[in-house]
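The values are calculated or read from the model by the stated rules, or taken from the named source; none is laboratory data. It should be emphasised that the depicted structure is a prediction, and the values quoted were computed from it without experimental measurement. Neighbour counts are summed over all protein chains in view; Cβ atoms, including those assigned to glycine, are modelled from backbone coordinates with ideal geometry. Just so you know, the surface numbers come from the protein's heavy atoms only, side chains and all, with ligands and any DNA or RNA stripped out. Shrake-Rupley method; radii C 1.70, N 1.55, O 1.52, S 1.80 Å.
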Amino acid sequence: MIFSMLEPSRWMSLFRPAASIRKWLARGAGVITGGRVAAAVRPLGRLLRAWGLLSSAGRFVLIFGDGGGSLVRFQGRRVVDALFVAVDAEDGLETFRRYLGDDPTAPLMVSVDVLEQMYREEQLPRVGRFDRLTIVKRRLDVAFPHDTLKAAVSLNRAKDGQETVLFAALPVTGTIGKWIGFLESLSNPVTGFCLLPLESEAVAARLCPSSGDEGQTVWHALVTQQATSGFRQIFSSGANLVLTRLTASPPGDLSAEAAAMLIERELRSSISYIKRLGYAETDRLNLVVLANHDICAAVTRRDLPVSEVMALTPKQAGQRLGYGEVGPEDGPYADILHAQVLASKRRPRILLPTERLRERLVFEQLYKAGFATASLLALLSIFYVGSLAFDALDAMSTAEALQNSMALETQGLNQLRQRTRNYEVSIDDLQKVEQALTAFDKAQINPNEVLRSVALALDPATQVQKILFTAPDPPFLPRPAGAPAGAARGAQKDAAVSYEIQLTIRLPAMEAGQTDQVTRWARDIKDRLTRSLPGHDVSLLKLPSATSRAQVLEGTAGASPVVKPTGPAVADYLIRKRL
C-alpha cells in the first residue's frame with residue numbers, strides 16, 4: 001500500500017495509486033510468482049538469499065532531503081510501491097527500517113537532494129591514466145579539504161588533451177549524519193550513494209531535445225517539485241551539469257499562480273547566474289517544468305525568458321521517458337520519477353559512499369565472487385567426474401560389444417571350418433598360401449616364374465618334396481667400416497642375395513650298388529637347374545641317400561660295417577638369386 005506517515009490529507013494525493021496501477025500490480029505479481037518453473041526455483045532462491053549469496057529480485061531507491069525521505073520499491077524496472085516520511089515524524093526511520101526488512105537482501109540506492117551541495121569545475125592537464133588518479137585525488141582534497149563525502153566526474157576532454165572534471169562534495173550536517181547512521185545500520189546492501197542533480201541532469205534534454213541554430217549553444221533547465229526538499233532547478237548544457245539550485249517549499253499550500261510566480265522568480269535569478277558561466281541571450285534555453293495541471297497551465301501563461309517551455313505532470317514525463325506509471329494522474333511531486341531515473345541506470349554518475357558502506361559493499365562483492373568461484377569449480381569437478389564416468393561406461397560398453405562381435409566372428413569361423421572340412425584344400429592351407437603370397441609381394445618375388453623354371457629342369461621321374469623360400473632382411477648390407485676383408489667378403493656374399501630357395505627332390509628308387517648312378521643323376525639335375533634359372537646360383541647341399549628299416553648291415557668283428565642303401569634317394573639343393 002502507498003501511504004504517508006504525516007499529514008495524510010496533504011501527502012495522500014502524492015502516492016495514491018489509481019485503479020490501473022492496482023490492476024498492473026496484480027498482473028505483474030501473477031507473472032512473477034506463477035508458473036511451474038518459478039515454483040520449482042523459488043525455494044532455491046529463498047535459500048540463496050538467506051545465505052546472502054543472491055540479491056533479491058526487487059530493489060529500493062531512497063531519496064531524502066531537508067523535508068523528509070521517499071522510499072520507492074521496484075520489481076524489475078517498474079514501481080510497485082512508495083512511501084514518504086516527513087523529517088519531523090516521530091517514528092520515521094523505524095518505519096523505513098521495517099519496510100526494508102520485508103526484503104533484507106534487496107539492494108538500496110540512495111539519492112540526496114539537500115540544500116548544501118557543493119560543485120566545482122576544474123581543468124586537468126594532459127597526463128597519463130595512473131597520474132590522472134593521483135592528480136584528481138590531490139585537487140579534490142584541495143577543493144574540499146574538510147569534507148569526507150566527495151568525488152569527481154569527468155565532463156569532457158578537449159582536443160589538446162585537457163580534461164574538464166566536476167568535483168562534488170556533500171557536507172556531513174546533522175541531517176546527513178542521521179541518515180548515514182541509519183543506512184549503515186541496515187541489513188540491505190547500499191549499492192549507491194549519489195546526488196540527485198547529477199543523476200537527473202539529462203531528463204530535460206530527453207523530454208525536450210533541440211539542436212539549435214548553427215553556432216547556437218543549447219541549454220536545458222529542469223524544474224521539479226519534490227516532497228522531500230522543494231523546488232529543484234537543474235541547468236545543463238552539452239549533457240553536463242552547469243548549475244543546480246534548491247528552493248524550499250513555502251509553508252502552507254501554494255496556489256497555482258503563486259507556484260508559477262515562485263518558479264519564474266527563481267528561474268530569472270538562475271539565468272542571471274549562468275550568464276557568468278557563458279550563457280548569452282542569443283543561446284537557446286529550453287525549460288521543462290514538472291508539476292500538476294494547474295501549475296503547468298499557470299507557468300505556460302507567464303512571459304518567461306526562455307526559448308521553449310514544456311510543462312508536464314510527472315506521470316506524463318514518466319510515460320514519455322518509457323518508465324510507465326510514476327505517480328497519480330495529477331500528482332505534483334517528482335520523487336518517484338527521480339527514483340526511476342536512478343534505478344534505470346547501469347551505474348550512477350557519481351558515488352559518495354562512507355568508509356563503512358564502502359567496506360561492507362566490497363566484502364559482499366568478494367563474498368559473492370568467492371562463492372561463485374567455488375560453485376564454478378565444484379560444477380566443473382562434477383562435470384569432470386561425470387565425464388570420466390561416462391567414458392568408463394562407454395569403454396565398458398565398447399569392450400562388451402567387441403567381445404560379442406568376437407564371439408560371433410569365432411562362431412562364424414567355426415561354422416565355416418565345419419563346412420569346409422571335406423574340401424580338398426583346407427582353410428588353414430589357404431590362409432598360409434595367402435600369407436605366403438603377401439610375403440612374396442613384399443620381397444618382390446615371383447614364385448610362379450621360379451617354380452615354372454624348376455619344373456622345366458626336372459623330369460617326370462623326380463618329385464619335389466619340399467620348397468622353402470627365404471628372403472634376407474635387409475637384402476643389402478654395406479661393408480662395415482674398418483672390418484676385416486674376409487668378414488667384408490662374407491657379409492657382401494650374404495648381402496648380395498635377393499632370396500634363397502631350398503629344394504628337397506626325391507629321385508627314383510635305387511637298387512643296391514646304384515649309388516654312383518643316382519649321384520650322377522643328382523648332379524645332372526643341378527646343372528639343369530642352373531641353366532633353367534639364369535641369374536641364380538644353384539648348389540647341391542646333400543647327395544642322394546636312401547635308408548629303410550629293412551636295411552642290412554654287413555661286416556666282420558673289428559671291421560667297419562658296410563651300408564648298402566636301397567629305396568628312394570633324396571637330394572637337397574640351394575638356389576640363390578643374385579642381386
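The GluC sites (Glu not before Pro) of the stretch 243-301 that meet both conditions, a loop assignment by DSSP and at most 12 other Cβ atoms within 10 Å of the site Cβ, are Glu281.
For the stretch 167-319, the Cβ-based charge dipole about the Cα centre amounts to some 240 debye (Lys, Arg positive; Asp, Glu negative; other atoms uncharged).
Would you mind telling me the share, in percent, of accessible area of the stretch 246-391 contributed by carbon and sulfur at probe 1.4 angstrom? C and S fraction of accessible area: 59 percent.
To one decimal place, what Kirkwood hydrodynamic radius in Å is obtained for the stretch 73-151 from all pairs of distinct Cα atoms? That comes to 16.9 Å for the stretch 73-151. For the residue pairs Lys526/Lys577; Lys150/Lys345; Lys178/Lys368; Lys432/Lys466, the C-alpha atoms sit more than 23 angstrom apart in Lys178/Lys368. Distances between placed amide hydrogens fall under 5 Å for Met310 paired with Leu287, Val288, Val289, all partners being 5 or more residues away or on another chain. Close amide H contacts of Asp66 (hydrogens built in the peptide plane, cut-off under 5 Å, sequence separation of 5 or more or a different chain): Leu115. Among the trypsin sites (Lys or Arg not before Pro) in the stretch 142-202, those placed in a DSSP loop whose Cβ has at most 13 other Cβ atoms within 10 Å are Lys159. A simple rule links phi to the HN-Hα coupling: the Karplus curve 6.51 cos²θ - 1.76 cosθ + 1.60 with θ = phi - 60°, which for the stretch 412-426 gives x, 5, 4, 5, 5, 4, 5, 6, 9, 5, 8, 6, 4, 10, 6 Hz, with x for Gly and Pro.
Counting only heavy atoms of the protein chains and using a 1.4 Å probe, Asp303 has close to 130 Å² of accessible surface.
Using the Karplus relation 6.51 cos²θ - 1.76 cosθ + 1.60 with θ = phi - 60°, the per-residue 3J(HN,Hα) values for the stretch 237-245 come to 8, x, 6, 10, 6, 10, 7, 9, 9 Hz, with x marking Gly and Pro. Our estimate of slack between Asp330 and Ala407, defined as 0.36 nm per intervening residue step minus the Cα-Cα distance, is 18.9 nm.
Computed over protein heavy atoms with a 1.4 angstrom probe, the accessible surface ordering of His293, His338, largest first, is His293, His338. Using a probe of 1.4 angstrom and keeping all protein chains present, the accessible surface of the stretch 150-286 works out to 40 square angstrom per residue.
Taken one residue at a time, the phi angles of the stretch 72-85 give Karplus couplings (6.51, -1.76, 1.60, θ = phi - 60°) of 10, 9, 10, 10, x, 10, 10, 7, 10, 6, 8, 9, 10, 10 Hz. Gly and Pro are set to x.
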